[in-house]
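**Q** Submitted below is the structure of interest, expressed as structure tokens.
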Amino acid sequence: MPVEFISAVHTDSAASGPAAASRTGFDPDHLRRYARTLDDGGFDHTLVAYHSASPDAFQVAQFVATHTERIRPILAHRPGVVFPTHAARALATLDQISDGRLTVHIISGGSDEEQRREGDYLGKAERYERSDEYIQILRKVWQADGPVSHEGKHFTFEGYYSDVKPVNGLVPISVGGSSQDAYRVGGQQGDIFGLWGEPLKETAEQIAAVNAVADATGRPRPRIWVSFRPIIAPTDELAWEKAHRTLGVLKDQARNTELLRHYRTTGRPANVGSQRLLDIAERGEVHDRCLWTAPAVATNAAGASTALVGSPETVAKALLDYVDIGCDLLSVRGYDPLNDAIDYARHVLPLVRQELAHRATTQAA
């Protein structure tokens, strides 16, 4: 499979600088411009994130699909909120609207506190168990020629059938996480598996864990998606100056309880992915070629938060390091989202693609 690039749309023009973590509203004009910028800039996918306080992800994904030509929305979806039969029909409808461009990213939930905001009181292990069952139901409904029934631990229904099916029969399913439960569900069920940006050694270990599960179950290994927040400038020196300015803004945001009131959870993060980022940060601020962990500390590792810092050439080489260990979906979205997306499209994506094309030509020769 070719190496592809992922970004993430933002719905609010007020969130166009480093304060984007607030995500406080919905601006259709800004979202339209943002989606078209990604489409025109050569990104292959864009994440439509999910949070209990943010604009509805289904509707945002539909908006993106109808205002773009080629980019593929990756819809983050939380299984505890919508019954799987309804989700199967809604996802198939959205896939039809997008002419088969949809991917769904199943998020089991890393924070009990956040899950309870929407009435979900299952523990983490049970949430992953539910996600496994949920994915099975989605595929069962999409592939059914007639009514289907299901009796499981988390869901039971009888005689369900949907007239609408995905364009290509199934919608690709992504799973993410850094726990053993995540590896198990991702290896057994995922077409794609998502990781946050860790050092190369740790990333390779996680890929091996997911692949081992897939191999044991006799299914294809999922494609690996790895996420970074690159900070680029014409030279490495200028990029590091920019990085420290960005870090100052992130620290100011972290102290602003009003800005992040709906998105903050208390104490050390409950999810393993965030814990791993903070533990890696304790071992060092810079890893490998240019992986910077300070933003993870400043944000309490709230999501994908590690940065690749340097010139476009340095960051492109760092991304290729991850390609070399098995990552073929590269998520690059910045702390200044729209402006960074424009810069990545102009200066980073072409360098990575040029090197990959050169490698392919060399191998063919």
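**Q** Beyond 15 Å, how much of the Cα-Cα pair distribution for segment 313-365 remains, as a whole percent?
**A** 52
**Q** Now for a different question. Accessible surface of TYR160 in the full protein assembly, 1.4 angstrom probe, to the nearest 10 Å²?
**A** 40
**Q** Give me the accessible area of ILE107, 1.4 Å probe, in Å² rounded to the nearest 10.
**A** 40
**Q** Viscosity 1.002 mPa s, temperature 20 °C: Stokes-Einstein D of the chain from its Kirkwood Cα radius, in µm² per second?
**A** 103
**Q** I would also like to ask the following. Order these peptides, 319-332, 25-38, by their mean beta-carbon neighbour count within 10 angstrom, highest first.
**A** Top to bottom by mean Cβ count within 10 Å: 319-332, 25-38.
**Q** Moving on. Can you pull the semi-axes for segment 110-254, root of five times each eigenvalue of the Cα gyration tensor, sorted largest first, whole Å?
**A** The answer is 37, 20, 16 Å, longest axis first.
**Q** Charges only on Cβ, +1 for Lys and Arg, -1 for Asp and Glu: so what's the dipole of segment 153-200 about the Cα centre, in debye to the nearest 20?
**A** 60
**Q** Inverting the mean 1/r over all pairs of different Cα atoms, compute the Kirkwood radius of segment 1-148 and quote it in Å.
**A** After inverting the pairwise mean of 1/r, the radius is 16.3 Å.
**Q** Please list the non-local residues whose amide H lies under 5 Å from the amide H of THR46, H modeled 1.01 Å from N, same-chain partners needing a gap of 5 or more.
**A** Amide H neighbours of THR46: SER7, ARG72, ILE74.
**Q** May I pose another question? For the chain, what does the accessible surface come to per residue with a 1.4 Å probe? Please give it in Å².
**A** Per-residue value: 42 Å².
**Q** OK, next. Roughly how tilted is helix 84-97, in degrees to the nearest 10 and between 0 and 90, from the longest Cα axis of the chain?
**A** Here the helix axis deviates by roughly 60 degrees.
**Q** How high is the relative contact order of the chain, in percent, counting Cα pairs under 8 Å that sit 6 or more residues apart?
**A** About 19 percent, as a whole number.
**Q** May I pose another question? Please report the equivalent ellipsoid semi-axes of segment 49-103, computed as sqrt(5 x eigenvalue) of the Cα gyration tensor, largest first, in whole Å.
**A** Square roots of five times the eigenvalues give 19, 14, 8 Å.
**Q** Rounded to the nearest 5, what is the percent of antiparallel bridges among the DSSP beta bridges in the chain?
**A** 20
**Q** In addition: Using only alpha-carbon positions, what ratio does the radius of gyration of segment 67-176 give when scaled by 2.2 N^0.38 Å?
**A** Its radius of gyration relative to the 2.2 N^0.38 Å reference: 1.09.
**Q** Which order, highest average first, do 223-232, 334-343 follow once you tally other Cβ atoms within 10 Å for each residue and take the mean per peptide?
**A** Ranked from most to least packed, the peptides come out as 223-232, 334-343.
**Q** Using the Cα centre as the reference, give the magnitude of the dipole from point charges on the C-beta atoms of the chain (Lys, Arg: +1; Asp, Glu: -1; all else neutral), rounded to the nearest 20 debye.
**A** Using only the charged Cβ atoms, the result is roughly 160 debye.
**Q** Would you please name the trypsin sites (Lys or Arg not before Pro) within segment 50-107 that are DSSP coil residues with at most 15 other C-beta atoms within 10 Å of their C-beta?
**A** Within segment 50-107, the qualifying trypsin sites (Lys or Arg not before Pro) (loop, at most 15 other Cβ atoms within 10 Å) are ARG70.
**Q** Let me ask something additional. For the chain, what is the calculated [θ] at 222 nm in deg cm²/dmol (nearest 500), taking -39500 (n - 2.57) for each run of four or more DSSP H residues and dividing by its residue count?
**A** Rounded to the nearest 500, it is -14500 deg cm²/dmol.
The values are calculated or read from the model by the stated rules, or taken from the named source; none is laboratory data. Since this is a predicted model, take the numbers as computed values, not measurements. Glycine gets a Cβ as well: all are built from the backbone with ideal geometry, and neighbour counts include every protein chain shown. SASA here: full protein model, heavy atoms, side chains in, ligands and nucleic acids out. Shrake-Rupley method; radii C 1.70, N 1.55, O 1.52, S 1.80 Å.
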